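Note sheet for the following structure.
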Amino acid sequence: MVALQSPPSAAPRKRPTNVEEFRELSAQTKPFVVPTFQPRSTDILIATFPKCGTTWTQQIVHGLRTRGSMDFEEISLVIPFLEVSPLLGIDLDAAQAAEPRAFKTHLPWTHVPKGGRYIYVMRDPADTLVSFYHFMSGVLFEPGTVDIESFSVETFFKDSPFGRYWDHLRSWWEQRRREDVLFLCFEDMKRDHEAAVRRIAAFMGVSGDEELIALATRQSTFEFMRARDSQFDDHPTTAAISRVMGMPPARTTKVRAGRVGDGAGLPASVRAALDDAWRSCIEAPLGIRSYEELRARLASEV
């Protein structure tokens with residue numbers, strides 16, 4: 001993997017406003033750096049495919065380890081994003097605001113640094129695609145200029161810096177029974193938020209007294225995080241990427257809707273492509289016919 005490279009011209013480029021420009025930009029975008037990093041055995045790595053509950057889980061972890069401190073500009077500055085840390089000049093070996101240290105990564109199991117403890121959150125692929133599209137609107141293309149069908153063809157169904165959704169999920173699914181992996185489901189976290197906080201606290205080795213559990217639960221609700229959007233909008237990362245790519249600063253949000261089921265409104269062609277990808281990448285090797293069946297299988301193993 002190599003770093004994002006600056007464009008040959010120093011003049012700012014316009015953010016894409018059509019599919020052709022977006023395709024050209026996507027072809028020029030290189031994967032992020034995977035820094036040389038050896039996790040400590042107590043480190044927590046929140047390892048998810050993009051838009052599967054990463055920021056939500058970061059907030060839960062940080063709240064549990066600090067008893068609810070909100071003394072940070074943006075969550076990625078207190079729980080660093082491994083693949084972007086070189087762009088931001090973050091020393092991954094430095095002490096953090098509290099123990100255990102925590103990091104975010106979108107790497108599949110095959111590439112993630114080994115030696116720490118891992119929280120993986122899976123999410124319905126259709127909902128993941130919708131969330132991914134809305135996040136990238138205003139980052140990689142001007143809002144309203146690239147439709148979700150074109151976006152899915154050019155981005156979601158192609159190999160990304162973090163692999164494809166289905167390959168990423170399968171790589172982590174095969175590790176779900178490891179003692180150093182906590183495998184969670186976004187939809188079940190939504191269904192019983194407090195139970196998810198308790199499971200994360202236990203996995204982290206944090207003494208989860210009732211006051212702390214209640215505090216971490218309240219401070220990781222959609223309403224709480226939405227009211228503090230600038231602390232969860234990933235602006236250090238999007239600013240660095242925009243700068244490297246020679247584009248104007250981006251403005252986006254990571255606390256957009258927090259819903260389950262947004263993927264139901266996808267065009268029929270996209271739904272069919274998602275089903276085909278599931279059959280070839282998950283059902284064929286694992287014998288699991290749908291995301292709901294995968295979710296039920298995970299619940300039966302808890």
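Where a number appears in this text, it was derived from the coordinates with a stated rule and is not lab data. The model shown is predicted, which means the values in this text are computed figures rather than measured ones. Cβ: placed from backbone, ideal geometry, glycine included. Neighbour counts: every protein chain shown.
For the pair A202/T36, report the inter-label distance in nm, with labels modelled 7 Å from Cα in the Cβ direction.
According to this spin-label approximation, the distance is 4.0 nm.
Rounded to a whole number of µm²/s, how large is the Stokes-Einstein D of region 119-201 at 4 °C and 1.567 mPa s, given Rh as the Kirkwood radius over C-alpha pairs?
My calculation gives 89 µm²/s for D.
In whole Hz and in residue order, list the ³J(HN,Hα) couplings for region 91-104 that follow from phi through the Karplus curve 6.51 cos²θ - 1.76 cosθ + 1.60, θ = phi - 60°; x for Gly and Pro.
7, 5, 8, 6, 5, 10, 4, 7, 9, x, 4, 9, 9, 10
Helix-derived [θ] at 222 nm for the chain: sum -39500 (n - 2.57) over DSSP H runs of at least 4, divide by residue count, nearest 500? Show your work: numbers first, answer last.
Values: 13 runs with 116 residues, N = 302.
After summing the helix terms and dividing by the residues of the chain, the value is -11000 deg cm²/dmol.
Could you give the length gained by full extension between K158 and R297, i.e. 0.36 nm per residue of separation minus their alpha carbon distance, to one decimal place? If you can, show how the numbers build up before the last one.
Values: separation 139, 0.36 × 139 = 50.04 nm, distance 2.74 nm.
Separation in residues times 0.36 nm, less the Cα-Cα distance, equals 47.3 nm.
With only alpha-carbon atoms counted, please give the Rg and Dmax of region 151-302, in Å.
Cα only, region 151-302: 18.3, 49 Å (Rg, Dmax).
Shape call for region 166-252 from the C-alpha gyration tensor, a ≥ b ≥ c root eigenvalues: rounded (a/c under 1.5), prolate (a/b greater than b/c) or oblate? Write down the numbers at each step before the final one.
On the way: a/c = 2.50, a/b = 1.37, b/c = 1.82.
It comes out oblate by the Cα gyration axes.
Determine the alpha carbon to alpha carbon distance for each of K114/K190; K51/K104; K104/K158 and list only those over 21 Å. Numbers along the way, then the final one.
Numbers: K114/K190 29 Å; K51/K104 12 Å; K104/K158 23 Å.
Result: K114/K190; K104/K158 exceed 21 Å.
Of the options L87, G115, V260, report the single residue whose Cα projects farthest towards the positive end of the charge dipole of the chain (beta-carbon charges: Lys, Arg +1; Asp, Glu -1).
Working it through, the farthest residue towards the positive pole turns out to be G115.
In whole Hz and in residue order, list the ³J(HN,Hα) couplings for region 107-115 that follow from phi through the Karplus curve 6.51 cos²θ - 1.76 cosθ + 1.60, θ = phi - 60°; x for Gly and Pro.
Going residue by residue, I get 6, x, 4, 5, 10, 5, x, 9, x Hz, with x marking Gly and Pro.
Plugging the Kirkwood radius over Cα pairs into Stokes-Einstein for the chain, at a temperature of 20 °C and a viscosity of 1.002 mPa s, what D comes out in µm²/s? Walk me through the intermediate numbers first.
Values: Rh = 19.8 Å.
Diffusion coefficient, whole number: 108 µm²/s.
Please list, ordered by chain and number, the residues whose modelled amide H lies under 5 Å from the amide H of A102; skip anything fewer than 5 residues away on the same chain.
For A102, whose amide H was placed from the backbone, the distant partners under 5 Å are I44.
Restricting to Cα pairs below 8 Å that are 6+ residues apart, what does the relative contact order work out to for the chain? Please round to a whole percent. It would help to have the intermediate numbers written out before the result.
Working: 438 pairs, mean separation 79.8, N = 302.
Relative contact order here is 26 percent.
What's the whole-number percent of alpha carbon pairs in region 33-151 lying beyond 23 angstrom?
On the way: 2481 of 7021 pairs.
Beyond 23 Å sits 35 percent of the P(r) for region 33-151.
Check V181: other-chain or 5+ apart residues with amide H under 5 Å from its amide H, H built from backbone geometry?
Y118
Compute the signed sum of charges (Lys and Arg +1, Asp and Glu -1) over the other residues within less than 13 Å, Cβ to Cβ, of A102. Write out the running numbers ahead of the final one.
Numbers: positive: R40, R65, R101, K104, R117; negative: D43, E99.
Once all neighbours under 13 Å are counted, the net charge is +3.
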